[in-house]
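The values are calculated or read from the model by the stated rules, or taken from the named source; none is laboratory data. The structure displayed is predicted, hence computed values, not measured ones. Heads up, the Cβs are rebuilt from the backbone with ideal geometry, glycines too, and the neighbour counts pull from every protein chain shown. We work out accessible area using only protein heavy atoms, side chains counted, and drop any ligands, DNA or RNA first. Shrake-Rupley method; radii C 1.70, N 1.55, O 1.52, S 1.80 Å.
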Amino acid sequence: MKILLVNKFHYPKGGAETYYFTLADALKNSGHEVVFFSMLNPQNIPCRQTPFFVSNVDYNEKSLRAIRKIRFGIRLVYSLEAKKKMERLIQQEKPDLAVLNLVHRQITLSILEPLKRHGIPVVFIAHDLVFLCPNCTMLSHGAVCERCSGGCFLPCILKKCVKNSRIKSVLAAVEASFLRWKKLYDRVDLYLSPSLFLQDKMTKAGFTRKPIRFLRNPLPVGTIYRMPEHCGDSLLYFGRLSPEKGILTLLKALKKAGPRASMGLTVAGDGPQRPELERFTAENGLTESVRFVGFQSGEALQTLVEQCKCVVLPSEWYENCPYSILEAMAKGRPCIVSNLGGLPELVENGVNGYIFKAGSAGSLREAIAKLYRLDDQEYAELCKNALERAKKEFSAERYLEKFFQEYKSLSQHGGNNHESSTRIDYRHIPLQRPLQHVRLLCRPDQKK
């Protein structure tokens, strides 16, 4: 088969891109041909489909002046450029299947029209919460929020949930309402969720009539599943340094966790919260036990994972299927995680790690204490269980087998009877005076 992979970023950036390139490698290794569709960026990995990539859209504070222009606002909701370039790509490459990843705003779902017109089945991988929340995170000013999941997106505007910006919040809410109003999500043939948690949330939201199935993300092709001969005595956090990740709660827990547990924490990563975290560390006498090593990747990161006693992910938002936990378990490292999102699906309390109450330094402190109270044999059992689960559930080969099982099952049940596409008139997208479309923003989906 020739399979088209679509993602807004075509360079290693985050978990979605890890998946995107992992799937590409796994497909190629299995004899399939892979073509790409993405956004232009100087960091992109070279590929022959680059001439079809869409122009770069920078959705940040520097774009606010442009966002006030209606043409830019429409571009974030429905991209004529992406639609036209997808048409040209299809005509040249003639793919048999399209797999969508992160496409909202920069690429947009305008690409569904040429895909469906050419009868190409579409699988959408749910990497974030964009189907339920205009902010993509179900966070509003640092707190978990589900007020928009039912289809009314006015709270996003009133609370300025997108980067505390009224304009960006309006655009995000209008995009979300437009996609539901036009029922574009029903033009996807199959949704795959990497966690049961997100599958349940998506199903309850009722944003589509199409099947939503569960399939855990794979680790990269060539991942070596093995435990290191020796491990250290310190904890490890690696990832973005931002409030929703709960790192400040981790530092508070270490402050009173006891002399042995507080002897070592390595924080690998960077982000907006780093100055605050370093200041807290200095002010609370933790500088000798906590070290910040900045962003790490490749062999340097693998060495940190292999040398730690345990990986901690104290998230205070709905994590989906974070690669940090998958990678840790592939090295036989137990994990301590919060009880939110898809994390409890990966860690079984007392078997391959520990689960604590999100945001509670006391609960996290207790989980850390349990880890350090284990004798060598008990700790070795924890490590063995983590490694065995990674081998059993996270391999790319296993993923690809189940991926095609889902695809074939869909075909057998008539899921790929491709209806002719109804052309969308972009001139009627309700962006010109968005605050007058409150009724649309608050209109729940009418289920058939």
So, of the residues in segment 73-83 that are part of a helix (DSSP H, G or I) and closer than 12 Å to SER55 by Cβ, which turns out to be modelled with the lowest pLDDT? ARG75
Which numbered condition GLU299 fails, given (1) under 27 Å from VAL144 (Cβ atoms); (2) free of Cβ contacts under 8 Å to residues at least 24 places away in the same chain: (1)
Exactly one of these conditions fails for LEU410: (1) at pLDDT 95 or above; (2) open to solvent by less than 50 Å² (accessible area, probe 1.4 Å); (3) part of a helix (DSSP H, G or I). Give me its number. (1)
Matching entry among PHE280, PHE295 (being of a type in the set (Phe, Trp, Tyr) and either open to solvent by less than 40 Å² (accessible area, probe 1.4 Å) or at pLDDT 95 or above (or both)): PHE280
For segment 21-50, name all the residues that are open to solvent by 30 Å² or more (accessible area, probe 1.4 Å) and touching a residue at least 40 places away in the same chain (Cβ under 8 Å). PHE21, ASP25, ASN29, SER30
Go through LEU313, LEU286, LEU326 for me and flag whichever is open to solvent by less than 20 Å² (accessible area, probe 1.4 Å), under 23 Å from ARG373 (Cβ atoms) and under 20 Å from the mean Cα position of the chain (by Cα). LEU313
Being open to solvent by less than 40 Å² (accessible area, probe 1.4 Å), part of a loop (DSSP other than H, G, I, E, B), of a type in the set (D, E, K, R) and touching a helix residue (DSSP H, G or I) at 6+ places or on another chain (Cβ under 9 Å) is the requirement here; does ARG147 meet it? no
Provide a single number: the residues in segment 98-123 that are more than 25 Å from ASN56 (Cβ to Cβ) and either in a loop (DSSP other than H, G, I, E, B) or in contact with a helix residue (DSSP H, G or I) (Cβ under 6 Å, 6 or more places away or on another chain) (or both). 5
Mind listing whichever residues of segment 101-144 are crowded, with 20+ Cβ neighbours inside 10 Å and either among the aromatic types (Phe, Trp, Tyr) or free of Cβ contacts under 8 Å to residues at least 12 places away in the same chain (or both)? PHE124, PHE131
Counting only helices (runs of 4 or more DSSP H) entirely within segment 320-378, those with at least 1 residues that are at positive phi are none
Pairs only if they're at least six apart or on different chains, beta carbon under 8 angstrom, first in segment 1-20 and in contact (Cβ under 8 Å) with a residue 40 or more places away in the chain and within 13 Å of VAL99 (Cα to Cα), second among the basic types (Lys, Arg) and open to solvent by 30 Å² or more (accessible area, probe 1.4 Å); list them, first residue then second. LYS2/LYS94
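Taking segment 79-100, which residues are surrounded by fewer than 21 Cβ atoms within 10 Å (Cβ to Cβ) and under 19 Å from ALA24 (Cβ atoms)? Before the answer, list the steps.
From segment 79-100, those surrounded by fewer than 21 Cβ atoms within 10 Å (Cβ to Cβ) are 80-81, 84, 87-88, 91-94, 96-97; that's our starting set.
Of everything in segment 79-100, those that are surrounded by fewer than 21 Cβ atoms within 10 Å (Cβ to Cβ) and under 19 Å from ALA24 (Cβ atoms) turn out to be GLN92, GLU93, LYS94, ASP96, LEU97.
Please pick out the residue among LEU235, LEU254 that is at pLDDT 95 or above, out of contact with any Pro (no Cβ under 8 Å at 6 or more places or on another chain) and surrounded by 21 or more Cβ atoms within 10 Å (Cβ to Cβ). Walk me through it before giving the result.
Details: LEU254 fails: at pLDDT 95 or above.
Sole residue among the options that is at pLDDT 95 or above, out of contact with any Pro (no Cβ under 8 Å at 6 or more places or on another chain) and surrounded by 21 or more Cβ atoms within 10 Å (Cβ to Cβ): LEU235.
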Matching residues in segment 365-404 - criterion: being of a type in the set (Asp, Glu), surrounded by 15 or more Cβ atoms within 10 Å (Cβ to Cβ) and more than 13 Å from GLY353 (Cα to Cα): GLU393
Subset of segment 298-310 (residues that are among the hydrophobic types (A, V, I, L, M, F, W, C) and surrounded by fewer than 16 Cβ atoms within 10 Å (Cβ to Cβ)): ALA300
From the list PRO12, PRO42, exactly one residue is under 24 Å from the mean Cα position of the chain (by Cα) and modelled with pLDDT of 95 or more. Which is it? PRO42
Is at least one residue of segment 205-222 under 20 Å from VAL347 (Cα atoms) and among the hydroxyl-bearing types (Ser, Thr, Tyr)? no
Only residues that are in a strand (DSSP E or B) and on the phi > 0 side of the Ramachandran plot: list them for segment 286-307, please. GLY294
Without any contact (Cβ under 8 Å) to a residue 40 or more places away in the chain, hydrophobic (A, V, I, L, M, F, W, C), in a helix (DSSP H, G or I) and open to solvent by less than 20 Å² (accessible area, probe 1.4 Å): is that true of CYS156 in this structure? yes
